[in-house]
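What follows is one structure encoded as structure tokens, with my remarks underneath.
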Amino acid sequence: MKFDIMRDRLLDGLNDVMKAVSSKTTIPILTGIKIDVSEEGMRLTGSDADITIQTYIPVEENGEQLINVEKPGSIVLQAKMFNEIVRKLPTNDVEFEVSEKFQTRIRSGKSDFHLIGLDSTEYPLLPELSEDNQFTVPADLLKSIIRETVFAVSTSESRPVLTGVHWQIKDGELVCVATDSHRLARRKVTLEHLPSEQSSVVVPGKSLTELSKILNDATTPVDIVMTNQQVLFKTNDVLFFSRLLEGNYPDTSRLIPEEYKTDVTVNGRSLLQAIDRASLLAREDRNNVVRFTTMQDDTIEISSNSPEVGKVEEQIQVSSLVGEELKISFSAKYMMDALKAIDGQDVVIQFTGAMRPFIIRSVHDDAILQLILPVRTY
Amino acid sequence: MAERKQKGRIIFHIDMNCFYASVEQAHDPTLKGKAIAIAGNPKERRGILVTCSYEARAKGVYTTMAVWEAKRKCPELILLPPNFERYRIASKAIFDILRTYTELVEPVSIDEGYIDVTELVKGREAIELAETIQKRILNELDLPSSIGIAPNKFLAKTASDMKKPMGITVLRKRELPNILWSLPVIEMHGVGESTAKKLNELKINTIGDLAQASEAFLKSNLGKNGARLKDRANGIDNREVDPNSIYDTKSVGNSTTLPIDLVEWDEVRKTIDGLCERVAKRLSAKNLAGHTVSIQIRDADWHNSSRSKTFSNAIYKKSDILEIALDLTKKHWHGEPVRLLGVTVSNVIDRKETAEQLSIFNYEQHAKEEPIIQVVEQLQKKFGKEIISKGMKEKKKPNYESQTSFSKDFLEDHKD
């Protein structure tokens, strides 16, 4: 194998695939990055067995030559070392040459590295997915779907399936749900050309977080292929595979009440700020509890009381307050996360009782819905 | 907490000599002058010595020695089973004597405590007072003690250790370099085996090394404790004698040394089950709940390991503690023979202060109680918060549930 390549393009590609490489892997070959060079271009592959990322750099783009291939071939190089070397090379022209026994020579300017590579035939093959059930989401929308849900996944391994986001295609909608069992985030999107067949997968939260870092903020299309074991996200130059979580995702639809006893409409930002202030006195190790109390004349009170720290009370004028009186305690953190996901608009909060889940959504629609379980105080 | 003068304090550390053995000798004078030892259960191997008399120590017997080994060293050794109730009564009597002098009495364990006598005596009078106290404890209770006199707790504790039995030692801050600095760090109060090992790895071998090490270096390697240890090594210790510290239970734990080394999961599980039962009962007696559950395992080679998990909801039910303890054990026990098992719930708070984050799996059970909660709230609104609360406030009398020597349950005896 022999070729030369523009260093900045190689570095961009490496940045993406490095997100899949983990130093903790138990499979030695996966500490490396696979490089495949053909007459058309270069593919870089990184994987931690759960996530696999492949980027593609064409030989020529918009009339500019990026790679000059003398002899195609493949090699696996130690990811961390390779990445550091490329980052620190002195010029933008990099020349690669692989000779016998995976001896790899990297030259740039007057710098000349000799690395010992690994046999690329030992590197696992990419999963093969049938692309029947494919649909497309613009990159910026996909990013916001992830942002609005993934924060609610569980960080504890006690119920592994809750560390993922449940993606369900049903009745022409994509419904994404994440819950750590104490709060829940749901995002619904209506998409064209969704597969008619109903299907559902649980994508690890970590995979979505990594995917989100690779996606750009433009409307470039991302093709999504869901199968039983893997999900694939495809853009022009990146393939992102993720393992799916096994196990039955709990039925969360029953949690969302159909009728409410207390309805509050309030400016999301002013509520967020009041809760943020009240949480200053709420103890994090004690569930970070703040109290929400309905008052007379379209007013609510946010308060917090820690015997050893002190207490705080703050009243907020709301746009409307309908229904029964209510006193309820909940985690300030969960409430702030939820309000941030809805992002500053006027919100409707609907309660059915002090020991029951309540929901928060935008006044306009329920495309983004947040649900929180209260805290019981004694 | 009241502001008290930090400078020129006079603090006593009273340390009972071979406490359990002395109580037994006071109780049965025929044991006096004889080599005796208290062992967990002298018949079973469950037995290391909990303590032994000075007569036994003279024969090379020491605390934590295995029973069989002690018997070999000293065949005439008289072994007695522990009688914790007897020790607790004696302990209470000692602290009652101390409280006749000042309110500033802080029990730290069943057989030692601090008192602050700054307001009572000046200069040399301190030694006379210490002599009086020591004599009273000996005459009234027939129990020997050693007293350390110093301007702070750390120095007082170090001093009481210097002369035993029936010692009275004054330790001044300026004497510290001469007395302590040449000793290895492990000799210092507050430095255990693992800290000593860490310090040695950092090439800090003597207490003097520790006193002169850079604070930033210690902080970066040992955290806050590093800076604290350096202060102690320099004789600096601003902790007050706090009579209320007995109210701050920080953890509730039980452990057991096993009669035979366990290798079967089923036996380990049963032992853990029993420990959780006892921990849950003790938590309930004190009306506490804790955020952290930990397990301790000692294997046949005396390797100790402990693992813990912290939760945002405070835990007190046996079933909850058991589930976590078993889970931790399953993860960290790999079938090596087990000699000792322990379960501890720490980070404890009063159950009245707990708040439980409901989950999608359990909220329905709580929702059932909504009507009752509403009634309680209405009553409280009308008549004040104290009128009614959910049935968990009534104090249960502590029974002598704890059978461990390191238990702090004896502190219950000091609360009214």
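Some observations on this one:
- Fewest-first sequence of A:ASP12, A:ASP132, A:ASP50 by Cβ atoms within 10 Å of each Cβ: A:ASP132, A:ASP12, A:ASP50
- Counts of other chain beta carbons within 10 angstrom of each beta carbon in peptide A:320-330 average 1.
- Peptide A:366-378 has a mean of 4 when you count, residue by residue, the C-beta atoms of other protein chains within 10 Å of its C-beta.
- Percentage of interatomic Cα-Cα distances in the range A:2-122 larger than 22 Å: 28
- Between B:ILE349, B:ILE204, B:ILE295, the Gaussian network model of chain B with springs among Cα atoms under 10 angstrom shows the greatest mean-square fluctuation at B:ILE204.
- Take each residue of peptide B:360-369, count the partner chain Cβ atoms within 10 Å of its Cβ, and average: the result is 5.
- HN-Hα J in Hz across the range A:124-138 - Karplus 6.51, -1.76, 1.60, θ = phi - 60°, x for Gly and Pro: x, 6, 5, x, 9, 10, 6, 9, 5, 8, 9, 9, 10, 10, x
- A DSSP coil position with no more than 10 other Cβ atoms inside 10 Å describes the following trypsin sites (Lys or Arg not before Pro) in the range A:1-90: A:LYS24.
- Karplus-derived HN-Hα couplings along the range B:333-344 (A = 6.51, B = -1.76, C = 1.60, θ = phi - 60°), whole Hz, x at Gly and Pro: 9, 10, x, 5, x, 9, 9, 9, 10, x, 10, 10
- With kT/(6 pi eta Rh) evaluated at 20 °C and eta = 1.002 mPa s, and Rh the Kirkwood radius from Cα pairs, the range B:182-317 diffuses with a coefficient of 118 µm²/s according to Stokes-Einstein.
- Fraction of the pair-distance distribution of the range B:7-108 above 16 Å, Cα-Cα pairs, percent: 59
- Applying 0.36 nm per residue to the separation of A:ASP8 and A:THR155 and subtracting their alpha-carbon distance, the gain on full extension is 49.3 nm.
- The B:LYS368 and B:ASN244 beta-carbon pair, evaluated with R₀ = 30 Å, returns a calculated FRET efficiency of approximately 0.15.
- Pairs over the 32 Å Cα-Cα cut-off, from the set A:LYS311/B:LYS330; B:LYS122/B:LYS219; B:LYS135/B:LYS219; B:LYS92/B:LYS281; A:LYS34/A:LYS333: A:LYS311/B:LYS330; B:LYS122/B:LYS219; B:LYS135/B:LYS219; A:LYS34/A:LYS333.
- Coil-residue GluC sites (Glu not before Pro) of the range A:79-169, DSSP, other Cβ within 10 Å capped at 13: A:GLU128, A:GLU131, A:GLU157
- Calculated SAXS-style log₁₀ I(q)/I(0) at q = 0.11 Å⁻¹ - chain B, Debye, Cα scatterers: -1.03
- The Rg/Rh ratio for the protein assembly as shown, using Cα coordinates for both the radius of gyration and the Kirkwood hydrodynamic radius, is 1.05.
- Dividing the Cα radius of gyration of chain A by 2.2 N^0.38 Å, with N the residue count, gives 1.22.
- Ordering of B:239-246, B:103-110 by packing [mean C-beta count within 10 Å, highest first]: B:103-110, B:239-246
- Note, ³J(HN,Hα) from phi for the range B:313-320, Karplus 6.51, -1.76, 1.60, rounded to Hz, x at Gly and Pro: 8, 6, 10, 8, 6, 4, 4, 5
Bear in mind these aren't lab numbers, they're just calculated from the coordinates by the rules spelled out. None of the values given here were measured: they were computed from a predicted structure. Positions of Cβ are generated from backbone atoms using ideal geometry, with glycine treated the same way; all protein chains shown enter the neighbour counts.
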